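Taken together, the values in this text are just the output of simple stated rules run on the coordinates, not laboratory data. Predicted model only: the values in this text are computed from it and were never measured. Quick reminder, even Gly has a Cβ in these numbers, built from the backbone with ideal geometry, and neighbours come from all protein chains shown.
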Amino acid sequence: MLVLCSGMARSGSTLQYNLARSYLEQTVGVDEHGFFTREDIEGMFSELKTWASRSDWHILKCHDLPSIEHWDRLQMPVFILYVHRDLRDVGPSLQRVFGGTDEEVLHLIEGAIEFHERVTNLSMTKVQRYDDLCINPTRCLRDICQFLRIPIDHQVIYRVAKMHSPDRMRQISSKVSKTKLYVVKRLAWKLKNQLGIGSLLRRYLPASYVRNIRRLIEVHDPETMLHPDHIRSDVPTITQQHSRLCRQIDIHFARWLTANGYGTLIRASADRS
């Protein structure tokens, strides 16, 4: 059986992944496969079908799934965990971690909303909110257990929720930057992103080779998938640039914000997404 944690980027998908992963690990057992990009998944669909058809549990994290609208027809035991967040928090967070102009961030959000519309309409999807995960992780984990149709052990739920508290996650995130190969890996990762090496590798190498190369230069904790500065230890400063970006998000995505309970200062009719 296969669990796909495919939540919106910068919206608590890593927390959702860790809650589900740790509970499965401590109860029924699970094979943890880490993070996969859209390109990874496109090249390993047969492998995913094999994992889904087996009686043991497999879990992975991603932010997008190609041809997701067809997955309901596969009649496979696939469970999708999805989490979303106020876009006015997502935008500045994306910009802080990955950089990019306001227009580039808005484009990323448009893609995330398109995936949101497709994935939340599937019967195999459990939708949760970032605020709920942070405020009441025990209740959210209990809901995940019910969705996965696995026995609920309240002691394990409490222990797992405590294990993945924000303070502990910050400690793990900060330790990643102190690993011996951090500087070398960080440089390789930046070169890959800035020079577009990833697209060249995907063109000439098998998907499994590309995935292994990417994982060699990734900078993260291999168990929790937390990377440096994944969770900030300080209160983020609201800059003028972020205020401008949030205003644009409010205008472009007013309908989505209203429909998902986040509210907006702009009338939904102004939504141009």
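Between amide H atoms placed 1.01 Å from N, distances below 5 Å from residue 7 occur with 62, 83, all of them 5 or more places distant or on a separate chain. Each peptide in 256-263, 9-16 was scored by the mean count of other Cβ atoms within 10 Å over its residues; highest first, the order is 9-16, 256-263. Our estimate of slack between residue 247 and residue 131, defined as 0.36 nm per intervening residue step minus the Cα-Cα distance, is 39.6 nm.
Compute the signed sum of charges (Lys and Arg +1, Asp and Glu -1) over the other residues within less than 13 Å, Cβ to Cβ, of residue 51. Charge balance near residue 51 sits at -2.
Sequence-ordered 3J(HN,Hα) estimates for segment 163-168 from the Karplus curve with 6.51, -1.76 and 1.60 and θ = phi - 60° stand at 4, 10, 5, x, 5, 5 Hz, glycine and proline given as x. With a Förster radius of 30 Å applied to the beta-carbon distance between residue 258 and residue 67, the computed FRET efficiency rounds to 0.55.
Close amide H contacts of residue 35 (hydrogens built in the peptide plane, cut-off under 5 Å, sequence separation of 5 or more or a different chain): 61. Ordering of 32-45, 97-110 by packing is 32-45, 97-110, highest average first (other Cβ atoms within 10 Å, averaged per residue). Per-peptide packing, taken as the mean over residues of other Cβ atoms within 10 Å, places 47-54, 79-86, 162-169 in the sequence 79-86, 47-54, 162-169 from highest down.
In order along segment 32-37, phi translates into HN-Hα couplings of 9, 10, x, 9, 10, 7 Hz, rounded to whole numbers, per the Karplus curve 6.51 cos²θ - 1.76 cosθ + 1.60 with θ = phi - 60° and x for Gly and Pro.
Backbone phi angles across segment 106-120, fed through the Karplus curve with coefficients 6.51, -1.76 and 1.60 (θ = phi - 60°), yield HN-Hα couplings of 4, 5, 4, 5, 4, x, 5, 5, 4, 5, 4, 5, 6, 6, 6 Hz in residue order; Gly and Pro are listed as x. In terms of its C-alpha gyration tensor, segment 1-119 comes out prolate, because a/c is 1.5 or above and the ratio a/b outweighs b/c. The amide H of residue 58, built 1.01 Å from its N in the peptide plane, has 2, 3, 31 as neighbours under 5 Å, considering only residues 5 or more places off or on other chains. Fully extending the segment from residue 165 to residue 28, taken as 0.36 nm per residue of separation minus the present Cα-Cα distance, adds 47.1 nm. Could you work out how far the C-alpha centroid of segment 1-41 sits from that of segment 128-162, in angstrom? With segment 1-41 and segment 128-162 each reduced to a Cα centre, they are spaced 14 Å. Taking the charge dipole of segment 1-128 about its Cα centre, with +1 at Lys and Arg Cβ atoms and -1 at Asp and Glu Cβ atoms, the residue from 111, 35, 80 reaching farthest to the positive side is 80.
Rounded to 0.05, the FRET efficiency of the residue 155 and residue 110 pair, given R0 = 41 Å and the Cβ-Cβ distance, is 0.45.
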